[in-house]
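Engineer: Encoded as structure tokens, here's the structure I'll be asking about.
The values are calculated or read from the model by the stated rules, or taken from the named source; none is laboratory data. From a predicted model like this one, the values you see are computed outputs, not experimental measurements. Glycine gets a Cβ as well: all are built from the backbone with ideal geometry, and neighbour counts include every protein chain shown.
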């Protein structure tokens, strides 16, 4: 893919609730020695400053310090002590909000991704937050990475075909978040309903989003 221009830092300055649906269709890009790999984002979740399900809830600690800003940086953490998850940090410094990237469509650097994470199909490579991090070799070493710099090990690129991609993969829908118990009723998961790469199928009656 040509013209991999990072989204500007100002893109991440609003609340994660606003940024999460707007990220859909833009490209998550990992720069590796074998070349760039990644694909368009098709599923996200927002975590907010006053959100008891958020890692930022309760104040800054060594683990979550990157979540406190500045915006446009990555927050990478481990779940179950093994699987990495990557987030885009939002809002002003000191206000802990972030967007979890739950799924991307594997489009660029497929062979590299398959070497990093063998999978039976391209869909199985990246249809979940831990899966995509394994395929893109994203780990805690990338915590705090600048997502707004094309020379960075990891960044998010503006899609030149955003409107067309969203039409093909839409509608943009929202639902409750996955795998949490606190604030579980909040509709802060956003996804492109026709993408085969979303981590869980769209439920009947899922709400359309204005994002």
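To keep it simple, each residue is scored yes or no on (1) under 20 Å from residue 133 (Cβ atoms); (2) crowded, with 24+ Cβ neighbours inside 10 Å; (3) touching a helix residue (DSSP H, G or I) at 6+ places or on another chain (Cβ under 6 Å); (4) touching a residue at least 24 places away in the same chain (Cβ under 8 Å).
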position: 35; (1), (2), (3), (4): yes, no, no, yes
position: 50; (1), (2), (3), (4): no, no, no, no
position: 59; (1), (2), (3), (4): no, no, no, no
position: 70; (1), (2), (3), (4): no, no, no, yes
position: 76; (1), (2), (3), (4): yes, no, yes, yes
position: 91; (1), (2), (3), (4): no, no, no, yes
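Engineer: Which count do you get for residues in region 144-161 that are touching a helix residue (DSSP H, G or I) at 6+ places or on another chain (Cβ under 7 Å) and buried (at least 21 other Cβ atoms within 10 Å of the Cβ)?
Structural biologist: 2
Engineer: Now for a different question. Would you point out which residue out of 124, 119 is more than 23 Å from residue 19 (Cα to Cα), surrounded by fewer than 16 Cβ atoms within 10 Å (Cβ to Cβ) and either without any contact (Cβ under 8 Å) to a residue 40 or more places away in the chain or in contact with a strand residue (DSSP E or B) (Cβ under 7 Å, 6 or more places away or on another chain) (or both)?
Structural biologist: 124
Engineer: May I pose another question? Name the residue, out of 173, 194, that is more than 25 Å from residue 56 (Cβ to Cβ), at pLDDT 95 or above and part of a strand (DSSP E or B).
Structural biologist: None of the other options fit; the residue is 173.
Engineer: Can you tell me which residue among 185, 163 is in a helix (DSSP H, G or I) and either out of contact with any strand residue (DSSP E or B) (no Cβ under 7 Å at 6 or more places or on another chain) or modelled with pLDDT of 95 or more (or both)?
Structural biologist: After applying the criteria, what remains is 163.
Engineer: Go through region 19-57 and count every residue that is under 15 Å from residue 95 (Cα atoms) and in a helix (DSSP H, G or I).
Structural biologist: Count: 1.
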